[in-house]
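Taking it in order: structure first as structure tokens, then the write-up.
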Amino acid sequence: MGAGRELFGRRKDGSELPVEIGLNPIHTSEGLFVLASIIDISERKQAELEAARQRNELAHLSRVTTLSELSGSLAHELSLPLAAILSNAQAAQRFLARGDANLAEVREILNDIVSEDKRAGEVIRRLRLLLKKGEVQQHSLGINEVVQDVLRLMRSDLVNQRVTVDIELAQNLPTVMGDPVQLQQVLLNLVVNACDAMTDCDTPERRLLVRTGMENGSSAVRVSVTDRGGSIPEEKMEQVFEPFFTTKAKGMGLGLSVCRTIISAHQGKLWATNNPDCGATFHFSLPIDGSDKEVVITDN
Ligand code: ADP
């Protein structure tokens, strides 16, 4: 039958039910027998569905909370292109009023307006995706795009907090299967936490490093977010992932526990390490798309 296949049985009334079948050979003096057990797993499937539904509710709630904390910067991110559109449009009006409109200049102004409008549209599109409570998607996606999307969305916030971001994205990374919104949410949380950890640092020290690459010797990609804030006491290394653990005055302590649930649901891992000099690094790894076909890629 093959392992891990979804199997269905049929009840007397003709309806289908999910089943798990175990076959065990038994060697006896009378020959080979096979013990077959057929287990109705409808309730387990139902419980799994319910757990997934609750996980998604919580993930959505936590996402909306994180975004509401960023709302000031997001409004700013929108007001920039709007201000540029207004000043460009006013310049065009002035040209026209003077009656000596230079067509080439007006064309350039209109091009600027179009590109600024697109920029604002992009911010809105990304926000809507994150705020929406949609079905969890399973897409084959590039992790570098997830990183770039999140950093673009957070640009104003990072500027406001005077955090410099270094980005090291490995080229030609294999894709992973996942929900783009939930993976963005994980990264958003890690970046927000890293910035929070650096609020007491001097401005030149507020550096964030976001890195992607292959997980050494395994068929998984890894994303790491490194900050230069305070380190995490060794005994708290696991505790930070527990729900409601927070050291922040206004923290809820849900971010990392939700992130871990999301990454586990993607068959990945999320963990933290302290850096040798200062600060902490949060890493997550995700199996590459099709890694069940036993593709193993090493880092070199
Ligand atoms: P919250 O941000 O609401 O506190 P989280 O679950 O995201 O909730 O984080 C839990 C705790 O983990 C934080 O309060 C902080 O003590 C610790 N933590 C998270 N990220 C970092 C980091 N980059 N550096 C140091 N400590 C961190």
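The values are calculated or read from the model by the stated rules, or taken from the named source; none is laboratory data. All values derive from a computational prediction rather than experimental measurement. Positions of Cβ are backbone-derived with ideal geometry, glycine not excepted, and every protein chain shown enters the neighbour counts.
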Members of region 103-130 found to be more than 18 Å from Arg155 (Cα to Cα) and either in contact with a helix residue (DSSP H, G or I) (Cβ under 7 Å, 6 or more places away or on another chain) or not polar (S, T, N, Q) (or both), listed by number: Leu103, Ala104, Glu105, Val106, Arg107, Glu108, Ile109, Leu110, Asp112, Ile113, Val114
Some residue of region 126-139 being modelled with pLDDT of 90 or more and either surrounded by 13 or more Cβ atoms within 10 Å (Cβ to Cβ) or among the aromatic types (Phe, Trp, Tyr) (or both): no
Tally, over region 22-52, of residues that are loosely packed, with under 11 Cβ neighbours inside 10 Å and either of a type outside the set (A, V, I, L, M) or part of a helix (DSSP H, G or I) (or both): 12
Identity of the residue in region 229-270, closer than 22 Å to Val176 by Cα and near the ligand (Cβ under 7 Å from one of its atoms), that ends up nearest to the chain's Cα centre (by Cα): Leu256
Residue match in region 82-100 (condition: free of Cβ contacts under 8 Å to residues at least 60 places away in the same chain, within 28 Å of Gln161 (Cα to Cα), assigned to a helix (DSSP H, G or I) and touching a Lys or Arg at 6+ places or on another chain (Cβ under 9 Å)): yes
Inter-residue pairs, beta-carbon under 6 Å, first assigned to a strand (DSSP E or B) and in region 182-207, second of a type in the set (Val, Ile, Thr), 6+ apart: Arg207/Thr164
